[in-house]
Amino acid sequence: MHIYAFGSTCRGEIDINSDIDLLAIVDNFDDRFDPDIYSIYSYKRISEIWSEGNPFAWHLHTESKMIFAYNSTDYLKTLGLPSEYRNCKTDCIKFYNLFIDSYSSINKNHKSYIFDLSTMFLAIRNFATCYSLGIKNICNFSRNSALNLNGKSLNVSSDVYQSLLESRILSIRGKGTSVDRKFVENNQHEFEMIKNWMDNLLKEVKNA
Amino acid sequence: MHEFNNRINTQREVLKIVNSQSFKEDLFGLSKKSIERWANSNGILPDNDKCTLLFKIADKLFFLATKSQEQISNEYKSLSTDINQLISSLRVAFNS
């Protein structure tokens, strides 16, 4: 068994919304680990994502901190560098489609609008992370990865961005207050700007 | 469509079923904390049928995500079938 911390705490990005991301690497099913608290992976799966060059592998490689090792060996360090990330196009398309599906859903009815805003944020963040790693070869795993792409950063109003982020936290952690439904109607222009930003970066990804 | 996107769509479908009823507060997600918040906000006991179904669906979706990583296709199909059956039960629970 190995346990690691990763995520915003390891980057020193602490705010009132921060939690501590924990990874547990185990051989078999282990009911000591609450999946709401730990990301639980087998050693086999960790080895696979290292071979795939998966962004999560790069995230762990660059930022994780070991908390416990049953054999006093830092397992992730023994794996060395992950392989080159080769699935940038597939992953960016996946997150682009996630954004489009959520945007479409939110305009059809309001029955899941907080969840849709939450998944729009997830799509934006993960899209930016995959683009940064796959095209720029820069590891950028911050919650605000979309705002840290230098000349290609997402340019959207801070109120809209903050509302998307807060919707994400509300949907995942059940904390905070929901934005009013009128937020969706009042910010269609901003959502279109986000879509255009993704369209432009996706063209670059497809042509790479 | 990618399996990840399919799981998101499934969650969305569940939320739309729940939120089609008029509760004091909507269900915002299918994490354990979101379901607990929804139950607390609406005065619903955790052992109520509605909550039990939501927790079961959430658990199955979590395992589905795990199995998609391990690419065990038979177990994935079985979990997908279980989820569809639970969603049918959810529709009945929220329409009754």
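Taking only the stretch A:49-78 into account, find how many residues are touching a strand residue (DSSP E or B) at 6+ places or on another chain (Cβ under 9 Å), within 19 Å of B:LEU64 (Cβ to Cβ) and not β-branched (Val, Ile, Thr).
So the answer is 1.
Output the number of the condition that A:PRO82 fails; it satisfies all remaining conditions of (1) touching a His at 6+ places or on another chain (Cβ under 8 Å); (2) under 25 Å from B:ALA58 (Cβ atoms).
Checking A:PRO82 against (1) touching a His at 6+ places or on another chain (Cβ under 8 Å); (2) under 25 Å from B:ALA58 (Cβ atoms), the one that fails is (2).
Mind listing just one residue for me: the one in the stretch A:28-55 that is aromatic (Phe, Trp, Tyr) and out of contact with any Pro (no Cβ under 9 Å at 6 or more places or on another chain) and, of those, modelled with the highest pLDDT?
Within the stretch A:28-55, the match that is modelled with the highest pLDDT is A:TYR43.
Specify which of the listed residues (A:ILE40, A:ILE49) is within 21 Å of A:PHE127 (Cα to Cα) and of a type in the set (Val, Ile, Thr).
A:ILE49
With the structure loaded, tell me whether A:ILE67 is modelled with pLDDT under 95 and either within 26 Å of A:ARG125 (Cβ to Cβ) or touching a Phe, Trp or Tyr at 6+ places or on another chain (Cβ under 9 Å) (or both) or whether it fails that test.
For A:ILE67, the condition - modelled with pLDDT under 95 and either within 26 Å of A:ARG125 (Cβ to Cβ) or touching a Phe, Trp or Tyr at 6+ places or on another chain (Cβ under 9 Å) (or both) - is not met.
Looking only at residues in the stretch B:1-26 that are within 21 Å of B:LEU64 (Cα to Cα) and outside any helix (DSSP H, G or I), which one is farthest from the other protein chains (Cβ to nearest Cβ)?
For the stretch B:1-26, the residue satisfying everything is B:MET1.
Could you check, for the stretch A:98-118, whether at least one of its residues is under 22 Å from B:PHE4 (Cα atoms), in contact with a Leu (Cβ under 6 Å, 6 or more places away or on another chain), surrounded by 23 or more Cβ atoms within 10 Å (Cβ to Cβ) and aromatic (Phe, Trp, Tyr)?
Checked the stretch A:98-118: at least one residue is under 22 Å from B:PHE4 (Cα atoms), in contact with a Leu (Cβ under 6 Å, 6 or more places away or on another chain), surrounded by 23 or more Cβ atoms within 10 Å (Cβ to Cβ) and aromatic (Phe, Trp, Tyr).
Would you confirm whether any residue within the stretch A:148-155 is hydroxyl-bearing (Ser, Thr, Tyr) and either within 21 Å of A:ASN54 (Cβ to Cβ) or within 13 Å of chain B (Cβ to nearest Cβ) (or both)?
Checked against the condition, which is being hydroxyl-bearing (Ser, Thr, Tyr) and either within 21 Å of A:ASN54 (Cβ to Cβ) or within 13 Å of chain B (Cβ to nearest Cβ) (or both), the stretch A:148-155 yields no hits at all.
Any idea which of B:SER31, B:SER41 is facing another protein chain (nearest Cβ under 8 Å) and either in contact with a strand residue (DSSP E or B) (Cβ under 6 Å, 6 or more places away or on another chain) or not charged (D, E, K, R) (or both)?
B:SER31
Touching a His at 6+ places or on another chain (Cβ under 9 Å) and at pLDDT below 95: does that describe A:ARG143?
It is false that A:ARG143 is touching a His at 6+ places or on another chain (Cβ under 9 Å) and at pLDDT below 95.
Output yes when any residue across the stretch A:11-22 is buried (at least 16 other Cβ atoms within 10 Å of the Cβ) and either acidic (Asp, Glu) or out of contact with any Asp or Glu (no Cβ under 9 Å at 6 or more places or on another chain) (or both), and no when none is.
Within the stretch A:11-22 (the criterion being buried (at least 16 other Cβ atoms within 10 Å of the Cβ) and either acidic (Asp, Glu) or out of contact with any Asp or Glu (no Cβ under 9 Å at 6 or more places or on another chain) (or both)), the answer is yes, since at least one residue qualifies.
May I ask you to list the residues in the stretch A:16-37 that are within 12 Å of chain B (Cβ to nearest Cβ) and not hydrophobic (A, V, I, L, M, F, W, C)?
Within the stretch A:16-37, A:ASP19, A:ASP34, A:PRO35, A:ASP36 meet the criteria.
Taking A:TYR85 as meeting all but one of (1) closer than 23 Å to B:GLU3 by Cα; (2) in a helix (DSSP H, G or I); (3) away from chain B (no Cβ under 12 Å), write down the number of the exception.
Of (1) closer than 23 Å to B:GLU3 by Cα; (2) in a helix (DSSP H, G or I); (3) away from chain B (no Cβ under 12 Å), only one is false for A:TYR85: (2).
The values are calculated or read from the model by the stated rules, or taken from the named source; none is laboratory data. Note that the structure is a prediction, hence the values are computed from the model and not measured. Neighbour counts are summed over all protein chains in view; Cβ atoms, including those assigned to glycine, are modelled from backbone coordinates with ideal geometry.
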